[in-house]
1. Return the sequence-ordered ³J(HN,Hα) values of the range A:37-43 in whole Hz as given by the Karplus equation 6.51 cos²θ - 1.76 cosθ + 1.60 applied to θ = phi - 60°, using x for Gly and Pro.
2. Would you tell me the mean number of C-beta atoms belonging to other protein chains that fall within 10 Å of each C-beta in B:87-96, as a whole number?
3. Normalised by the number of residues in chain A, what is the relative contact order in percent for Cα pairs under 8 Å and 6+ residues apart?
4. Send over a whole-number figure in Å² for the accessible area per residue of the protein assembly as shown, probe 1.4 Å.
5. Buried accessible area between A and B (1.4 Å probe, both chains summed, ligands and nucleic acids excluded), in Å² to the nearest 100?
6. If amide H atoms are built 1.01 Å from N in the plane of the peptide, which residues on other chains or at least 5 residues away come under 5 Å of the amide H of B:Glu17?
7. At B:Lys56 and B:Tyr10, where each label point lies 7 Å from the Cα along Cα→Cβ, what is the point-to-point distance in nanometres?
8. List the residues, sorted by chain then number, that are 5 or more residues from B:Leu46 or on another chain and whose placed amide H is less than 5 Å from its amide H.
Amino acid sequence: EAGVAQSPRYKIIEKRQSVAFWCNPISGHATLYWYQQILGQGPKLLIQFQNNGVVDDSQLPKDRFSAERLKGVDSTLKIQPAKLEDSAVYLCASSLVTSGGKETQYFGPGTRLLVL
Amino acid sequence: GQQVMQIPQYQHVQEGEDFTTYCNSSTTLSNIQWYKQRPGGHPVFLIQLVKSGEVKKQKRLTFQFGEAKKNSSLHITATQTTDVGTYFCAGPGAGKLIFGQGTTLQVKP
């Protein structure tokens with residue numbers, strides 16, 4: 001079974017530039033998450049999708065971050081304009097709730113963003 | 001808001017020594033999950049605990065969920081260099097998974 005795919009793996013941009021990340025979840029996983037992981041910290045949820053609808057975007061800085069999952073499969077996360085403090089690893093995860101109610105999140109390899 | 005705290009933040013051990021990381025939540029949890037992130041890698045799911053006082057083992061790893069369902073621990077017996085990485089606990093809160101800041105384990109061969 002293929003895992004969660006993300007691209008690009010690395011990105012270096014200057015502040016005030018724009019950047020976009022792409023995620024393709026595991027086939028059949030209805031729930032997709034974008035996390036921001038700053039060095040030395042745990043992942044912080046930015047946005048959660050259930051199919052193509054937003055479940056939680058309470059921690060998404062909406063003045064500069066946007067995300068979409070138009071067809072309920074792959075997703076893009078955009079930052080415009082980027083700030084120095086956006087330097088982090090952006091992780092995409094997907095999950096499936098089993099009939100027993102268990103939910104396991106599967107993470108992609110992440111995109112390492114450096115803003116100069 | 002809900003917080004999930006882990007201690008210690010870092011731990012250096014000699015290969016063969018034991019290691020324990022502790023996780024505490026500010027609220028009662030319906031379940032607790034543990035993830036391992038290798039250096040330069042991404043978090044990988046290890047286990048989920050659901051029941052009060054539950055203990056689960058995976059080879060040299062022992063996971064425990066507290067009676068009050070507010071704390072958890074991960075114990076590694078006789079560490080190996082392959083155990084190197086950051087161990088995160090995570091608990092559900094307000095419809096999302098709240099991660100602790102992780103405990104980074106270094107193992108000296």
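The values are calculated or read from the model by the stated rules, or taken from the named source; none is laboratory data. All values derive from a computational prediction rather than experimental measurement. Using ideal geometry, Cβ is built from the backbone for each residue, glycine included, and neighbour counts are taken over all protein chains shown. Surface accessibility is based on the protein's heavy atoms, side chains included, excluding ligands, DNA and RNA. Shrake-Rupley method; radii C 1.70, N 1.55, O 1.52, S 1.80 Å.
1. After applying 6.51 cos²θ - 1.76 cosθ + 1.60, I find 10, 7, 3, x, 10, x, x Hz.
2. Partner-chain Cβ atoms within 10 Å, mean over residues of B:87-96: 3.
3. Reported relative contact order: 36 percent.
4. Numbers: 11110 Å² over 225 residues.
For the protein assembly as shown, the per-residue accessible area is 49 Å².
5. Details: alone 6630 and 5910 Å², together 11110 Å².
What A and B bury together is about 1400 Å².
6. B:Thr79
7. 3.1 nm
8. B:Trp34, B:Tyr35, B:Lys36
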